[in-house]
Amino acid sequence: MDTLNQNSKAWDKKVEDGVGYTLPVSKKIIEKSRAGDWSIKMTPNKAVPREWFPESLEGVSILCLASGGGQQAPVLAAAGADVTVVDLSAKQIEQDRAVAERDRLHIKTVQGSMTDLHFFRDAEFDMIVHPVSNLFVEDVSSVWQEASRVLKDGGTLIAGFTNPILFIFDEEEDMKGKLVVKNTIPSSSLDHLTEEEVKNYFEANHTIEFGHTLEDQIQGQIDAGFVLAGLYEDDFGGRRPLDEYIKCFVTTRAIKMKVD
């Protein structure tokens, strides 16, 4: 199973289909960001608290990890940061390049996996912003380990991820407004599929998604050398049945510990 290749193609298709998470920010938002009025989201609705960032982003080196689509990176670049985007999808990266060209921003882009950042040196970045995306990799610990490696001591990782409770329900029934428990955690979107169904799934260019435990998501950061310094929750904004009962997204702020 070539998860990386499948998800790369699937996200390219999402760009072609104009899915919300692939739509870049407007010129007006960039103009406001240049003027100091900016914010970004790691999850569908709630903005990251402004105090999680330095007072000024001038000269701050930020890695936008698995963050293509022209949403976070252009805003941070317009606010003065030195921004690099890594994303698996070529077309998602093209969205960042298009905004950079449109609004005369300097954004470096790299097509690659969040699990292997070999193209970066150790301790290269001051900050990492990582919107909800590690559900597309099977081994989330490698994401945290690589983030820790390329982040400077004392640097900040702001990461959004999915509460695993979302993945225990049958997705088709969920879309009908019914909460039917089906899966265990950890899980994969290919669980319970026959060989023929898996083949059709791949041919339809669907993303392969993984439900990670909260231990992998939170303790995984701690094991990689981070100390948690903040947390908030978010939901789908009323678009999914679970919004009535629980918030299905989490964003954490973590600081890389200085090694003596």
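The values are calculated or read from the model by the stated rules, or taken from the named source; none is laboratory data. Just so we're clear, the structure is a prediction, and the values are computed from it rather than from any experiment. Quick reminder, even Gly has a Cβ in these numbers, built from the backbone with ideal geometry, and neighbours come from all protein chains shown. These area figures cover heavy atoms from the full protein model, side chains too; ligands, DNA and RNA do not enter into them. Shrake-Rupley method; radii C 1.70, N 1.55, O 1.52, S 1.80 Å.
Given the alpha-carbon gyration tensor of segment 117-165, what are the semi-axes of its equivalent ellipsoid in whole angstrom, ordered largest first, with each equal to the square root of 5 times an eigenvalue?
Working: eigenvalues 86, 31, 12 Å².
Those come to 21, 12, 8 Å.
When the helices of the chain are scored as -39500 (n - 2.57) per DSSP H run of n ≥ 4 and the total is divided over every residue, the value at 222 nm lands at -8000 deg cm²/dmol. Cross-link pairs exceeding 18 Å between alpha carbons, from the set 9/199; 41/178; 13/91; 13/178; 32/91; 152/258: 41/178; 13/178; 32/91. Close amide H pairs (under 5 Å, H built 1.01 Å from N) link residue 67 with 86, residues at least 5 positions away or on another chain. For segment 4-62, would you read off the P(r) tail past 18 Å as a percentage of all alpha carbon pairs? Here the long-distance tail beyond 18 Å is 54 percent of all Cα pairs in segment 4-62. Here segment 151-258 is treated as an ellipsoid with the same Cα gyration tensor; its semi-axes, largest first and in whole Å, are 30, 18, 11. For the chain, the share of DSSP beta bridges that are antiparallel, to the nearest 5, is 50%. Using every pair of separate Cα atoms, the Kirkwood estimate puts the hydrodynamic radius of segment 75-138 at 12.9 angstrom.
Taking the chain as a Gaussian network, where each spring joins two C-alpha atoms under 10 Å apart, which residue of 73, 147, 47 fluctuates the most? Taking springs between Cα atoms under 10 Å, the residue moving most is 47.
Hey, how much of the P(r) for the chain falls beyond 28 Å, as a percent of Cα pairs?
Value for the chain (Cα pairs over 28 Å): 32 percent.
Within the accessible surface of segment 1-100, defined with a 1.4 Å probe on protein heavy atoms only, the carbon and sulfur portion equals 49 percent.
Our Cα-only numbers for segment 71-200 put the radius of gyration and Dmax at 17.9, 50 Å. Taking Cα centre as origin and charging only the Cβ of basic (Lys, Arg, +1) and acidic (Asp, Glu, -1) residues, the dipole magnitude of the chain rounds to 1020 debye.
Find how much the distance from residue 205 to residue 55 grows on full extension, using 0.36 nm per residue of separation minus their present alpha carbon separation; answer in nm with one decimal.
Values: separation 150, 0.36 × 150 = 54.00 nm, distance 4.19 nm.
Length gained, residue 205 through residue 55: 49.8 nm.
The three principal axes of the Cα atoms in segment 1-111 give end-to-end lengths of 44, 26, 26 Å, sorted in falling order.
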